[in-house]
Amino acid sequence: MSKKSPPTTALIKKLPFRLIPVIITLLIRLWFILEMRNRPFSTITPQVVDSWVYHRWALEISQHSFFGREVFFLRPVYPYLLALLYQLFGPGVMVVQLFQALLATGSCYLLLMITERLCSPRVAFIAGIGFSLCGVLVFYTGTLLYVEITIFLSLLIIYLLLTANKKWWHFLLAGIGLGLFIICRPEMLLIVPGLIFWLKQFERARLRSLLIFAIAGLMVIITVPVRNYLVARDPVLFTAHSGINFYFGNNPAADGTWQPVAELNPGIGFSHQRLKQTAKYVNGQELSWSRASAYWTSRGIQFITSQPVRFLKLLSRKLLLFFANYEVPNNYYPETVRPASRALQFAFINFGLVLSFALLGIGFCWKIRYRLLPVYLFIGGYLMSALLFYVLSRLRAPILPWLLIPGAAAVTECWQLLQQRKFKLLFAVLTTAALIYLGSNLVPINRNVYSAQAWTQLGNIYLELKKPGPAIQALNKALHYYPGQYSARYSLIQAYAGMHRLAEAEREFQQLLNTTGNSPDAQQIIHLAAARIGIARRNFPAALEHYQAALKIDPNNPETYYLIALVNVSIGDIATAKKYLSLTLQLDPDHDAARSALLQLEQLR
């Protein structure tokens, strides 16, 4: 495809018409957000692990300590953004979702302007429509994750560079955007040399402009290691989590997605707090975060170098997953949201559809491949990121705007072939796209396991909201997909016991005994379930006995200490209850229920 597109209609060139994709982007995301009010999807809960951490972190920043007291464990841009929103409007999901809807609208506009400059107004219009109706992008607008800010920053950088026209402050702002983007996605440092090469060779940027761009980006990036050293005297470059993340993605048990590993398994009830406690201790010794992160990175490298054949198989698996139409979920699950959202059903464009036309578009755009270098850099950067670590829907979603550019070019070429009556060539092109789409749907993935995780999470959120009826429905659906999902079975026992439906709780407990193995986690679940049934039967000594047995298996589980404290409250042993609540808070300072219970017991004196 040449840079100059075929003559476009005057209608497309008119500003109101060109902004139709932007308007659709805003409206469909507002529709989705309003549909999700008062639903589990829009609930701030420990069940959605990363979002819960970002939320608590933002509260800490806005209410207690702006700089914090320890090395950044996760990437800091998003929680600081949340803290700003919380400071201005108060802590709430709706505020964040509405802000992200505006960000998405801005991203659509930036995509239009970028594509118009790189290709044509017609291609830009199609890319914008694709962005507005892409279901994955609509979904992540409503989540408390850094997907939306990452997309916006990546597009903003290229827009500023394309419109710089020797304006030094454009390069300055682009550099600041690049620095923030790299803090969000440190692995994308890989694309920076390519961007500078593109600016020098094809945008004819002066050396001074390049220096402004590079220095501004560097000055933003170094704020993170400088802050880490000043606060904790530990030279961590970005986050303490980076080495752990690398090992999650590269170990003998890795399957291309995020999966817990034996050495870093914090037990039942995953949380970043428990992961931090586990990861920092190596061979019985507590390390600094820089040494701990380096240790886990070295473990990942050791796997790669010692088992190259296995690593290549893993790499191939990641590549297949990256190009699969199925979105590997994590934290948030579209499967449980889509049935309740007409907006999400209306946003019909999926990853496989975008990919099918994008791969064809790369061929059509061969003549302007150097002009499109930043597009290919971002596509390649996100692909390399997935291959270095693992593949998840939220880590893959930011690539979609960049795939939409060549994808829209392919759609435009198909329309031109139709107008020119080149039916044989058009048939060949569409057949190729159909085969790519079919292939993206044939990548083997154990979807039942992810479905079980999705409905288990929904059931647990309903339990937190004191809605046992919907919880039971969701948990039964989880067990329909995967009967061996013992965490779902345990939650179902909790729901039945809480409703005093003891016969059904006993029946599920028997099923639990029949389906669980002999692993420590399974045995711990059995004891926790038995304890819950004991409480329902008012057999508190039996409940305490099972909870103590669960503690022997996992002595660092704060929830078990909390449950023991509640049993002691029931039997009137307030001193012991306060002891176990204090132990809960030692292990998990963010355990709000334990803090509230301890405060109430202290007021009894």
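The values are calculated or read from the model by the stated rules, or taken from the named source; none is laboratory data. Because the structure is predicted, anything quoted here is derived from the model rather than measured. We place every Cβ from the backbone using ideal geometry, glycine too, and count neighbours over all the protein chains shown. In case anyone asks, the SASA skips ligands and DNA or RNA and just uses the protein heavy atoms, side chains included. Shrake-Rupley method; radii C 1.70, N 1.55, O 1.52, S 1.80 Å.
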Next item on the list: Mind pulling the angle between the C-alpha long axis of helix 592-602 and the longest principal axis of the chain? Nearest 10 degrees, somewhere in 0 to 90.
Entry: 30 degrees
Checklist line | Derived scalar couplings ³J(HN,Hα) [the stretch 33-40; Karplus, 6.51 cos²θ - 1.76 cosθ + 1.60; whole Hz; x for Gly, Pro] | finding: 5, 5, 5, 8, 4, 6, 10, x
Next item on the list: Taking the dipole about the Cα centre of the chain, with the C-beta of Lys and Arg at +1 and of Asp and Glu at -1, give me whichever of Ala216, Thr432, Thr515 is farthest to the positive side.
Entry: Thr432
Check: When the dipole is taken about the Cα centre of the stretch 330-489, and only Lys, Arg (+1) and Asp, Glu (-1) are charged at their Cβ, what size is it in debye, to the nearest 20?
Finding: 220 debye
Next item on the list: Answer with a single label: of (i) 3, 14, 19, 19, 16, 12, 8, 5, 3, 1, 0, 0; (ii) 3, 14, 25, 26, 18, 9, 4, 1, 0; (iii) 3, 12, 15, 11, 6, 4, 4, 5, 7, 8, 8, 7, 5, 3, 2, 0, 0, 0, which was calculated as P(r) over Cα pairs in 10 Å bins from 0, in percent from the structure in view?
Entry: (ii)
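Of all accessible surface on the stretch 422-533 at a 1.4 Å probe, what whole percent is carbon and sulfur?
Details: 3260 of 5500 Å².
The C+S portion of the solvent-accessible surface of the stretch 422-533 is 59 percent.
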Check: Mind checking the dipole of the chain: about its Cα centre, +1 per Lys or Arg Cβ, -1 per Asp or Glu Cβ, Debye to the nearest 20?
Finding: 2200 debye
Note to self: Using only Cα atoms and rounding to the nearest 10 degrees, what angle (0 to 90) does helix 147-162 make with the longest principal axis of the chain?
What the structure shows: 20 degrees
Notebook entry, point to check: Which net charge results for the neighbourhood of Trp31, defined as the other residues with beta-carbon distances under 13 angstrom from its beta-carbon, given Lys and Arg at +1 and Asp and Glu at -1?
Noted result: +2
Note to self: For Val138, what accessible surface area do you get with a 1.4 Å probe? Give it in Å², rounded to 10.
What the structure shows: 0 Å²
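Go through the stretch 489-556 and name the trypsin sites (Lys or Arg not before Pro) that are in a DSSP coil and have 10 or fewer other Cβ atoms within 10 Å of their Cβ. Provide the component values of the computation, followed by the final result.
On the way: sites: Arg489, Arg501, Arg507, Arg532, Arg537, Arg538, Lys552; in loops: Arg501, Arg537, Arg538.
Within the stretch 489-556, the qualifying trypsin sites (Lys or Arg not before Pro) (loop, at most 10 other Cβ atoms within 10 Å) are Arg538.
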Margin query: Which trypsin sites (Lys or Arg not before Pro) in the stretch 111-186 sit in a loop by DSSP (not H, G, I, E or B) and have at most 14 other Cβ atoms within 10 Å of their own Cβ?
Written below: Lys166, Lys167
Check: Any idea what the relative contact order of the chain is, in percent, if you count C-alpha pairs under 8 Å spaced at least 6 apart?
Finding: 14 percent
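Take the solvent-accessible surface of the protein heavy atoms, probe 1.4 Å, and return the percent of it on the stretch 165-280 that carbon and sulfur atoms account for.
Details: 3490 of 5160 Å².
Whole-percent figure for carbon plus sulfur exposure: 68.
Over the chain, average the accessible area per residue using a 1.4 Å probe and give it in Å², no decimals. Present the calculation step by step, with values, prior to reporting the outcome.
Working: 26650 Å² over 605 residues.
Per-residue value: 44 Å².
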Next item on the list: Compute the separation of the alpha-carbon centres of the stretch 189-230 and the stretch 78-135 and state it in Å as a whole number.
Entry: 24 Å
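Pairs Lys313/Lys477; Lys166/Lys367; Lys280/Lys318; Lys276/Lys578: which exceed 31 Å Cα-Cα? Please report the intermediate quantities before stating the final value.
Working: Lys313/Lys477 33 Å; Lys166/Lys367 26 Å; Lys280/Lys318 28 Å; Lys276/Lys578 25 Å.
Pairs exceeding the cut-off: Lys313/Lys477.
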Item checked: Separation between Cα centres of the stretch 519-555 and the stretch 303-328, rounded to whole Å -> 39 Å
Check: On a 0 to 90 degree scale, rounded to 10, what angle separates helix 486-498 from the longest Cα axis of the chain?
Finding: 50 degrees
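Any chance you could run the full-extension gain for Thr163 through Leu19? It's 0.36 nm times the residue separation minus the Cα-Cα distance, nm to one decimal.
Working: separation 144, 0.36 × 144 = 51.84 nm, distance 1.88 nm.
Stretched out fully, the Thr163 to Leu19 stretch lengthens by 50.0 nm.
Report the FRET efficiency, 1/(1 + (r/R0)^6), for Ile368 and Asn265, where r is their Cβ-Cβ distance and R0 is 51 Å, rounded to 0.05. Kindly include the intermediate steps, with their values, before the conclusion.
Values: r = 49 Å, r/R0 = 0.97.
In this case the efficiency is close to 0.55.
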Notebook entry, point to check: Check Tyr332: other-chain or 5+ apart residues with amide H under 5 Å from its amide H, H built from backbone geometry?
Noted result: none
Check: Sorted by average packing, counted as other Cβ atoms within 10 angstrom per residue and highest first, what order do 473-480, 564-571 take?
Finding: 473-480, 564-571
Check: Counting alpha carbon pairs within less than 8 Å and at least 6 residues apart, what relative contact order, in whole percent, applies to the stretch 449-551?
Finding: 21 percent
Check: Tell me, what ³J(HN,Hα) does each residue in the stretch 411-416 have, in order and in whole Hz, if you take phi through Karplus 6.51 cos²θ - 1.76 cosθ + 1.60 with θ = phi - 60° and put x for Gly and Pro?
Finding: 4, 4, 5, 4, 5, 5
